[in-house]
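Let me begin by presenting the structure, written as structure tokens, before commenting on it.
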Amino acid sequence: MAFREVAVTEIREVLRAWLAGAGLRQVAAQAGVDRKTARRYVTAAVEAGMARDGGLGQLTDGLAGQVAQVVRPVRPGGHGRAWEQLEARREQIAGQVKAGLSVVKIGVLLERQGVVVPYRTLHRFCVERCGFGRTAATVRVADGEPGMECQLDFGYLGLLFDPVTGRQRKVHALIFTACYSRHMPYVRVAVAHPDPSRAGRRV
């Protein structure tokens, strides 16, 4: 069975309903858990010192944390049973990641072998253990000498009224960036203006 994370908010909801006087069946329904789980939470809280007639003031983060520690399954190495199942097939999964398979596809192949784990656990395993999603290393570029680099770009600036045709026209710009420094570039923009006499105007 796959590991089920115990949420502190879930514990608090169960205990809050129980302290308000609801029975375990109603408590479980309100918190969205089964009755057996609700009973485990309440039992652990009572053993930690919570009294039913003690009021909601007892329901502190500390108490919820104590209950979580009691009801949470043992996780050797900080991971649950699902992670252990994946560790046993790490070489196989790493090969599938290297071959370009998606996490969903890897999960399907594992299920065919009888290994059913939560998607989030599988995705985290593929990322942390098998290098899934890693991109190529960034190549650092050293700053050159002033005037040694010129960057070019082309972009749409918007619409501009053309007095010759009486219509709006699209205006594009060819941008030249002459870098004095990577952090303080000098920019010159050449605009393709509708009026030929103004083409190449600096802005």
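How many residues are assigned to a helix (DSSP H, G or I) and open to solvent by 70 Å² or more (accessible area, probe 1.4 Å) if we restrict to the stretch 4-35? Quick ask: steps written out before the conclusion?
We begin by selecting, within the stretch 4-35, every residue assigned to a helix (DSSP H, G or I); these are 8-19, 24-31, 35.
If we keep only those that are open to solvent by 70 Å² or more (accessible area, probe 1.4 Å) as well, we get 9, 13, 16, 25-26, 29-30, 35.
Number of matching residues: 8.
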Filtering helices (runs of 4 or more DSSP H) wholly in the stretch 36-136 for at least 1 residues that are within 30 Å of ALA20 (Cα to Cα) and either open to solvent by 70 Å² or more (accessible area, probe 1.4 Å) or of a type in the set (Asp, Glu) (or both) gives 61-71
Could you tell me whether the stretch 138-155 includes any residue that is assigned to a strand (DSSP E or B) and either modelled with pLDDT of 85 or more or surrounded by 14 or more Cβ atoms within 10 Å (Cβ to Cβ) (or both)? yes
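The values are calculated or read from the model by the stated rules, or taken from the named source; none is laboratory data. Here the structure is a predicted model, which is why all the values come from computation and not from measurement. Cβ: placed from backbone, ideal geometry, glycine included. Neighbour counts: every protein chain shown. Keep in mind that these areas ignore ligands, DNA and RNA; they rest on the heavy atoms of the full protein, side chains included. Shrake-Rupley method; radii C 1.70, N 1.55, O 1.52, S 1.80 Å.
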